[in-house]
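J.: I'd like to ask you about the structure that follows.
Derivation of every value follows stated rules applied to the coordinates shown; laboratory data play no part. All of these numbers come straight from a predicted model, not from anything done at the bench. Heads up, the Cβs are rebuilt from the backbone with ideal geometry, glycines too, and the neighbour counts pull from every protein chain shown.
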Amino acid sequence: MAGATAVGDTALLATETPTWGEGKPVTRDELGRAMWLFLHTLAAQYPDDPTRQQERDTRDLISILGRMYPCAECAAHFEEVVRRVPPDVSSGAALRQWTCEVHNEVNARLGKPEFDCSRVDARWPSMECDGEDGTGGCVVRGRDDSGAPHRSGGRGGDRGTKVRRLGIDDP
């Protein structure tokens, strides 16, 4: 595909660079990509053994997206899908699977290709953001075949220090 750059399992066309800013509104496609990036990243960060509060917060957030999403047609469709297929917030693996399956359902409605959900952890790995030790930056984590997290490269490395994960570990 001329002018495309492969990114994971998607191709970004040169014409798909952000068009917003300097008086130009965000496009519906850009907003959708940003929302799915957020949801997949949240699912990647979600703990394998969440607290009841984390489960409640995640269900609430997903519900609120259906009511507050800036594209009314998209919000109504997302709300309908969530009503029909409620989020599985019982574990990180369950939420990652749910997010992928719902994303595929939305993509099917838009005529976009389906993603192989067995590859969700490779496509959207979790991140760890350092902060307490003064290094800043993030380290991308994957999951081994057992589902256990492991770190791969990045700034900060594995120093044996506790790393806070995007608000999930906050009190």
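J.: Assuming R0 = 22 Å, what is the FRET efficiency of residue 31 and residue 90, from their Cβ-Cβ distance, to the nearest 0.05?
T.: Here the calculated transfer efficiency is 0.15.
J.: Let me ask something else about it. What is the spin-label model distance, in nm, from residue 106 to residue 68 if the labels are put 7 Å beyond Cα along the C-beta direction?
T.: A separation of 1.6 nm, rounded to one decimal place.
J.: On to the next question. Sort the following peptides by mean Cβ neighbour count (other Cβ atoms within 10 Å, averaged over residues), highest first: 106-113, 29-36.
T.: 29-36, 106-113
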